[in-house]
Structure formats: C-alpha cells, structure tokens
C-alpha cells in the first residue's frame, strides 16, 4: 500500500506542477518581457494623469512600467505609420505623371472590358 500512496502523491504533485505552469504561462502572455538591456527613466507628469494611470494599472493588474512601455510602443508605432503614409503620399504625388501615362496606355483595355 505505501507504494500506491507514493505513486498517487507523485501523480498529484505532477498535476499540480502542470496546473501551476499553465497558470504562469497564461500570466506571461499578459505581461510583456522586459529586455535584458533596459533603461530606467524618470518622468514628471501631472497628478491627474498619474491618478488615471494608477487606476488603469490596478484594473489591468500590470505594473506602471508595463503600462508606460506599452503606451510608448503604441505611440512610436503610430509615428512610424504616419511617417510611412506621408512618404507614400509624397511618392504618389512625385510619380503622378508616370501613373497618368500608364493609365492612358491601358485605357483601351478598360474600354474593351466595358
């Protein structure tokens, strides 16, 4: 009998570890990994902004560092996207004459399809 109890205890221990590992993995997906080469930054913000941030951080169960890092990443992505859109627009304008020429060359195809 002692052998069966030891086996049952081992199985329960493994199941417990498995459950804990799954819980940790699900929590990891909610947190961003901090790069090993991180830089600490001190920022002065209005108190009202701090209060609003503290509320969101508490609700989302994340640290202020994670919140600020995510906000910075989103803002930088928005800047990159805006810059790309502006470059594309400038490119389209710069090459408008070429686009018009190509359009005229293929007008007959549009006419045949109509």
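Fewest-first ordering of 107, 70 by other beta carbons within 10 Å of each residue's beta carbon gives 107, 70. When 44, 100 are arranged by Cβ crowding within 10 Å, least crowded first, meaning fewest neighbours, the order is 44, 100.
Taking the square roots of 5 times each eigenvalue of the Cα gyration tensor of the stretch 46-114, largest first, gives ellipsoid semi-axes of 51, 14, 9 Å. Here each label is just a point 7 Å from Cα along the line to Cβ, and for residue 38 and residue 55 those points are 2.6 nm apart. Of the residues 69, 37, 61, the one with the fewest other Cβ atoms within 10 Å heads the list, and the complete ranking is 37, 61, 69.
Bear in mind these aren't lab numbers, they're just calculated from the coordinates by the rules spelled out. All values derive from a computational prediction rather than experimental measurement. No Cβ is skipped: glycine too gets one built from the backbone with ideal geometry, and neighbour counts run over all protein chains shown.
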